[in-house]
1. Select from region 130-145 the residues that are within 13 Å of the ligand (Cβ to nearest atom) and in contact with a helix residue (DSSP H, G or I) (Cβ under 7 Å, 6 or more places away or on another chain) and list them in ascending order.
2. So which residues in region 14-31 are among the small types (Gly, Ala, Ser) and either more than 6 Å from the ligand (Cβ to nearest atom) or surrounded by fewer than 21 Cβ atoms within 10 Å (Cβ to Cβ) (or both), if there are any at all?
3. So which residues in region 49-60 are touching a Ser or Thr at 6+ places or on another chain (Cβ under 7 Å) and more than 9 Å from the ligand (Cβ to nearest atom), if there are any at all?
4. Would you be able to say whether some residue in region 89-106 is in contact (Cβ under 8 Å) with a residue 40 or more places away in the chain, among the aromatic types (Phe, Trp, Tyr) and more than 18 Å from GLY134 (Cα to Cα)?
5. Working only within region 34-48, note down all residues that are assigned to a helix (DSSP H, G or I) and near the ligand (Cβ under 6 Å from one of its atoms).
6. Among the numbered criteria (1) at negative phi; (2) in contact (Cβ under 8 Å) with a residue 60 or more places away in the chain, which one does ARG48 miss?
Amino acid sequence: MVVEALLGNKTRLILTLGDITEQDTVAVVNAANSTLMGGGGVDGAIHRKGGPQILEECKKIREKDWPDGLPAGNAVITTGGRLKAKFVIHAVGPRWGGGKKDEARLLRKTYLSCLEIATSHRLGSLSFPSISTGAFSYPIALASREALSTVKEFIETRKDHALKEVRFVLFTESDLRVYEHALEQVLAS
Ligand code: AR6
């Protein structure tokens, strides 16, 4: 099932069930960690399907710009390798630490960092996974609201982006339902 809303009169916001590695948007977002060296979940799937070129570029970015690792809230862009997507935006979300460790601000910053990269690269379409709600344990009911409201606000206030479509790709039916509910609330607020 696909749920859709129009933001700022020109950008389709889509919620869909699926696998981030199969998306045909210009870029897909990776739920990475600070090392940028791969891992499980979305990260493992993207590197497995995208091939070694992605890791090669991540290593160069680490050496050149982030020798101590990419801090939570930030994102970098590489090739999509063998993926359908031309680019991967590697984003580091916050680990859930009970809600008193600035997680909400950091999660919003993570989505904003991706949207800034999409804007500076003139990307027309972008797919997000549900950042931080797997291995990083951020409660999905809270994360979905931060994710969707951040995207909505960015699309509606920024005039310089080229995004015609922003897709959230949820891995399970229950995650999709949580995002649908959050979208209703965010659109109504
Ligand atoms: N497509 C879409 N969503 C997926 C996929 C997929 N192929 N696989 C899992 N999900 P996670 P995080 C969902 O753990 O919480 C890694 O080890 C999953 O069900 O991938 O940000 C990294 O290296 C969940 O809802 O990312 C980091 O160390 C969501 O994607 C750490 O995990 C995010 O789960 C990052 O943790």
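1. SER130, ILE131, SER132, THR133, GLY134, ALA135, TYR138, ILE140, ALA141, ALA143, SER144, listed by residue number.
2. GLY18, ALA27
3. Passing the criteria: GLN53, ILE54, GLU57, CYS58.
4. No, every residue in region 89-106 fails to be in contact (Cβ under 8 Å) with a residue 40 or more places away in the chain, among the aromatic types (Phe, Trp, Tyr) and more than 18 Å from GLY134 (Cα to Cα).
5. Step one: filter region 34-48 for residues assigned to a helix (DSSP H, G or I), giving 41-48.
Listed by number, the residues that qualify are GLY41, VAL42, ASP43, ALA45.
6. It is condition (2) that ARG48 fails.
A short reminder: the numbers here are calculations on the coordinates, not readings from a lab. No experiment lies behind these values; they were computed from the predicted model shown. Cβ atoms come from the backbone with ideal geometry, glycine included; neighbour counts cover every protein chain shown.
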